Amino acid sequence: MGMSLQAAAGGDEAQMSPVAEINVTPLVDVMLVLLIIFMVTMPLMMNQLPITLPKPSLVASDTHPEKLTVDFDLQNNYFIQRNEEPKEAVAYNDLPARLHDIARQFPDELVTVCADKDSIYDRVVDLMGIVGSSGFGKVTLCP
């Protein structure tokens with residue numbers, strides 16, 4: 001690395017001061033070498049990724065996914081509904097045990113937590129915690 005020196009205003013060589021300038025030529029050289037290396041190696045890396053695409057099915061599926069809905073109203077009544085069955089009223093104290101029994105039978109089922117728009121946010125979070133601790137891995141909120 002070099003450093004250029006400039007003479008002071010008087011022109012006396014004994015009073016030369018250093019000038020702080022960055023020499024960007026080595027930086028540009030290094031960046032161009034790295035760019036060329038990445039341009040050469042990237043296509044080689046892309047050929048090593050195995051991709052298996054799913055086969056499209058032409059047969060329409062008549063089976064609907066299992067659906068479990070847990071909700072409550074403003075009067076502290078909790079309900080569980082599976083698929084299109086009627087709602088089952090459940091007491092708050094019995095809710096974790098009932099959900100745990102359903103989770104043992106259907107562990108991969110998506111559970112939708114619904115609430116009234118005027119309900120308190122803490123109750124919704126509490127209900128989501130009960131559903132999550134019951135053994136369900138997929139919990140969502142109503143749209």
Look through Ala97, Ala103 and report the one residue that is among the small types (Gly, Ala, Ser), touching a Gly at 6+ places or on another chain (Cβ under 6 Å) and outside any strand (DSSP E or B).
Ala103
Considering only the stretch 71-94, state which residues are part of a strand (DSSP E or B) and closer than 21 Å to Ile120 by Cα.
Asp71, Phe72, Tyr78, Phe79, Ile80, Ala89, Val90
Which of the following residues is within 30 Å of Pro143 (Cβ to Cβ), at pLDDT 80 or above and among the acidic types (Asp, Glu): Glu21, Glu66, Glu88?
Glu88
Before we move on, is Asp118 touching a residue at least 24 places away in the same chain (Cβ under 8 Å), part of a loop (DSSP other than H, G, I, E, B) and among the charged types (D, E, K, R)?
yes
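The values are calculated or read from the model by the stated rules, or taken from the named source; none is laboratory data. The structure displayed is predicted, hence computed values, not measured ones. Counting neighbours? That spans all protein chains shown, and the Cβs are built from the backbone with ideal geometry, glycine included.
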